[in-house]
1. Go through VAL102, VAL37 for me and flag whichever is of a type outside the set (D, E, K, R) and surrounded by fewer than 18 Cβ atoms within 10 Å (Cβ to Cβ).
2. Could you check GLU280 against (1) out of contact with any Pro (no Cβ under 7 Å at 6 or more places or on another chain); (2) not in a helix (DSSP H, G or I) and say which number it fails?
3. Going residue by residue through segment 158-169, is there one that turns out to be farther than 30 Å from ASP70 by Cα, at pLDDT 95 or above and open to solvent by 20 Å² or more (accessible area, probe 1.4 Å)?
4. Could you grab me the full set of residues in segment 440-456 that are open to solvent by 100 Å² or more (accessible area, probe 1.4 Å) and at pLDDT 75 or above?
5. With the checklist (1) more than 30 Å from ALA531 (Cβ to Cβ); (2) modelled with pLDDT of 95 or more; (3) open to solvent by 20 Å² or more (accessible area, probe 1.4 Å) in hand, flag the one item ASP177 doesn't pass.
6. Would you tally the residues in segment 504-521 being buried (at least 18 other Cβ atoms within 10 Å of the Cβ) and within 27 Å of GLU561 (Cβ to Cβ)?
7. Within segment 297-319, how many residues turn out to be part of a loop (DSSP other than H, G, I, E, B), open to solvent by 50 Å² or more (accessible area, probe 1.4 Å) and in contact with a strand residue (DSSP E or B) (Cβ under 7 Å, 6 or more places away or on another chain)?
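The values are calculated or read from the model by the stated rules, or taken from the named source; none is laboratory data. If you're wondering where the values come from, they're calculated on a predicted model, not measured in any experiment. No Cβ is skipped: glycine too gets one built from the backbone with ideal geometry, and neighbour counts run over all protein chains shown. Each accessible area value is taken on the protein alone, full model and side chains, heavy atoms only, with ligands, DNA and RNA left out. Shrake-Rupley method; radii C 1.70, N 1.55, O 1.52, S 1.80 Å.
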Amino acid sequence: MLDAGLFDELVDAAALRRRQATGESPDALLPEAFALVSATFGALLDHRCTPAELLAGIALHRGAMVELADRTAWPAAATLAVFLGAVEGRGVHLMTGDGVPVTATVCERLGLRVARLSNEMEADERRLAYAADVTVGRVEAFGYDHLIDNRVSGPDERVQCEPYRAIVMEADLVMLDQSTTDLTLNRDAIRTASISVRAYLARYESLAGIAATVLTEAAEFTHLYGLSVKNVDTAHPTARRDHLDLLYTTTEAKLNGLLDAIAAHHAEARPVLVVADSLEITERLADLLAARGVPVARPHQERPLARAGCPATVTLLEQPAVEGEVALGGDLDWLAQEHVLASGLDPVIASGDAWDEAVAVARRGLLPAWTDDRDRVAETGGLVVLGGEYPSTRRMEARLRALAGARGDTRIFVALDEGWIWHRYAAWTHRLLLKHITEPLEGALLARTVERAKRKCEARITGYRRRAAAYDAVLSAIREHLYAERRAMVEGAEPLEAILAFTGEQAPPGQVDREALRLIAAEVIDEQWTACLAELTAMRDDYAQVRRSQEALPAFREKAEAADRTMRERAAKALKDRMHGLGGYWYVPSSSLPPWSAR
């Protein structure tokens, strides 16, 4: 523990900020800033930052994608980078689903203001949150606020500051798997504004992220975001046994083999987690296991992995819910909350103190039995993680196997008749030779076939992602250009000048109602952009779905720019018509002379 007197003598964020204002660079302040954060961890949490956490923090601060397998090191690594970034005074956006309470605790102790975005916030509250040194929230919340800001009807209505520095937790899920996802604003099922996750994140001047498995897709982070990947080795030994895939001739044979494996491990009282990629497979497995007398635990919607580490528990899970690491014996904190809920105490009605005290009492009461369960699972070999289907990429396969943590067994079951592995000879081979074989297949040739199929599957996903990004970049350029012009017309000090620049008209002398012009510009631009956006989005999605020749991108750009020109012509005409309706003597077309004559 850090000596209290020594801690009191340490500088805080304000002192470092003053030094930076005099010319010291962030890199020059890095050693002292990191030492300060590490000391604060020691004082508040009895933890000193490890070398791995320090290396990861440096990489995050310098704008890299960090692979760090030990998730327990993520909060410290993120806090180090967040604190130093916030010292610059331009704000840091920490994108995460769980809020990283450790980061908030340490940063606030060091004099920073940390705010968390929530759906219940009003505009003024969100504006204050973005004015904080550190703003925490999901990427969706940041993206939606960006879209809303670009539909305001006047100056000083925006809530966001200009994007500067962002750090993304679970970065592979957000920056790769969700990269093509559109964040959209809708009105009566009509898309009025949208931006892809990739396009939104690309707006940040400094972008970094951390994940457990990203090294296999380092080229993707470089291609999509211009980021290098830094692997940080925690040097923690692992006793986990990652077994080779089991290959079957048919899906039926694969399911039977999977059922046999589940039943065998269940008989040993080991927890078994089965991950599939579809609801159809998990429901079928549940029915077949019930027929064999093997009970299946229903995952909780909010915490699907909470009970997955309990002895003799079989949990069936769909692929999208996979994240984190399963706690042997179960998630004690969650089990304590479930115990309190079962007692009848409602967290909505009970005071915060009463709820916290009840959970703490339940936790203490459950601790002995939980400890026995944890030790029992460890003695039987740990968690068994079985993949009911190939998870589409090596990265997702690594995530699946990592659910077992540092011990346990993992294996993936695949079949030759599955779509991702099927090839032109498969039907012939299956019909003549393999149809009646129910045991797992072995052999170097088959193993190479599976590996080739895996890489082709990964290449298809990568190809689609890159195509979508290329076409989306064209759409983004059109959107950002229009948003800049709209901002000048609706939020600028001289809306008339901006409107006339857009329409190509001349400005007459005299006073004009600025608020009326701003409202007209907002309505016209938003209406025309909504129609154009639907056309551009459909065109982008159509082009991205299919591999095309190298000439496809220029052709798409030409079509998109033509749609943009048409939209601008319609918007200019609508603006002229609306302004003419304001009254007769201030507005004249540019072709009319003199500019002060009446229309």
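1. Numbers: VAL37 fails: surrounded by fewer than 18 Cβ atoms within 10 Å (Cβ to Cβ).
Going through VAL102, VAL37 in turn, the sole match is VAL102.
2. Just one mismatch for GLU280, condition (2).
3. Taking segment 158-169 and keeping what is farther than 30 Å from ASP70 by Cα, we get 158-162.
Adding the requirement that they be at pLDDT 95 or above leaves 158-160.
With the extra rule that they be open to solvent by 20 Å² or more (accessible area, probe 1.4 Å), the set shrinks to 158, 160.
Scanning segment 158-169, I find at least one residue that is farther than 30 Å from ASP70 by Cα, at pLDDT 95 or above and open to solvent by 20 Å² or more (accessible area, probe 1.4 Å), so the answer is yes.
4. The initial filter retains those residues of segment 440-456 that are open to solvent by 100 Å² or more (accessible area, probe 1.4 Å), namely 442, 445, 448, 452, 455-456.
Residues satisfying the conditions are ARG448, ARG452, ARG455, LYS456.
5. In the conditions (1) more than 30 Å from ALA531 (Cβ to Cβ); (2) modelled with pLDDT of 95 or more; (3) open to solvent by 20 Å² or more (accessible area, probe 1.4 Å), ASP177 misses (2) alone.
6. Residues in segment 504-521 being buried (at least 18 other Cβ atoms within 10 Å of the Cβ) and within 27 Å of GLU561 (Cβ to Cβ): 3 in total.
7. Taking segment 297-319 first, the residues part of a loop (DSSP other than H, G, I, E, B) are 298-313.
If we keep only those that are open to solvent by 50 Å² or more (accessible area, probe 1.4 Å) too, we end up with 298-303, 307.
Remaining after also requiring in contact with a strand residue (DSSP E or B) (Cβ under 7 Å, 6 or more places away or on another chain): 299, 307.
So the answer is 2.
Okay, residues lined up against (1) more than 21 Å from LEU441 (Cβ to Cβ); (2) at pLDDT 90 or above; (3) part of a loop (DSSP other than H, G, I, E, B); (4) of a type in the set (Phe, Trp, Tyr):
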| position | (1), (2), (3), (4) |
| --- | --- |
| LEU247 | no, no, no, no |
| LYS254 | no, yes, no, no |
| ALA264 | no, yes, no, no |
| GLY293 | yes, yes, yes, no |
